[in-house]
Amino acid sequence: MNPASTITRALAGLTFAAAAAIAAAGPAVPASPPGTAASQGTGSSQDLLSLQGTPSAAANELNACAKDIGGQPRTALKACLQNRIDVARKAMRQAYATTAAQLKQIDSAATPHAMHALEASQKGFDRFMQKECRRQGAALLGGSGAGDVEQACQAALMRWRAAALRQN
């Protein structure tokens with residue numbers, strides 16, 4: 001049996017609380033990065049953090065890696081997930097830097113407050129991501145895929161954060 005498919009089944013619905021918290025946190029936040037099929041309302045299973053019953057974002061990451069590695073050993077899954085984290089982290093950092101640079105260009109008395117809010121938001125996101133992904137991994141009750149779930153969750157949430165930063 002494919003390790004990612006076992007984990008995917010175990011993940012069903014695990015990110016609902018995270019998605020609900022994010023959805024309640026503020027105005028229009030992208031469900032998926034702009035330009036993807038999901039952001040164009042196609043109902044794609046790539047719809048990150050959707051509240052509409054599509055697969056969890058972590059499951060999407062796991063499925064993508066399972067497809068990429070085919071029948072390779074479990075170590076290949078871990079390497080694939082780490083690569084997805086690295087790519088997502090780079091995108092998130094670039095989006096943050098762009099947002100910060102745009103704020104700094106605004107000549108306003110409110111700019112320092114906006115910069116502080118951006119910094120606090122990022123720190124809060126980092127704490128949330130760490131705790132939420134640990135929770136998702138722990139939900140497997142010590143199963144061998146717990147680390148994979150944590151990695152997949154991190155990649156998915158960083159992709160979501162990058163898209164949210166690009167929107168503002």
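The values are calculated or read from the model by the stated rules, or taken from the named source; none is laboratory data. Quantities reported herein were computed from a predicted structural model and do not represent experimental measurements. Virtual Cβ from ideal backbone geometry, glycine too; neighbours counted across all protein chains shown.
Overview of values
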read-out: All positions within the stretch 32-74 that are over 14 Å from the mean Cα position of the chain (by Cα), at pLDDT 50 or above and either farther than 25 Å from Arg135 by Cβ or of a type in the set (A, V, I, L, M) (or both); value: Ala66, Lys67, Asp68, Ile69, Gly70, Gly71, Gln72, Pro73
read-out: Residue check, Asp107 outside any helix (DSSP H, G or I) and either touching a Lys or Arg at 6+ places or on another chain (Cβ under 6 Å) or over 19 Å from Ser56 (Cα atoms) (or both); value: yes
read-out: Residue in the stretch 84-103 that is surrounded by fewer than 16 Cβ atoms within 10 Å (Cβ to Cβ) and outside any helix (DSSP H, G or I) present; value: no
read-out: Count of residues meeting criterion [buried (at least 20 other Cβ atoms within 10 Å of the Cβ) and among the small types (Gly, Ala, Ser)] in the stretch 124-154; value: 3
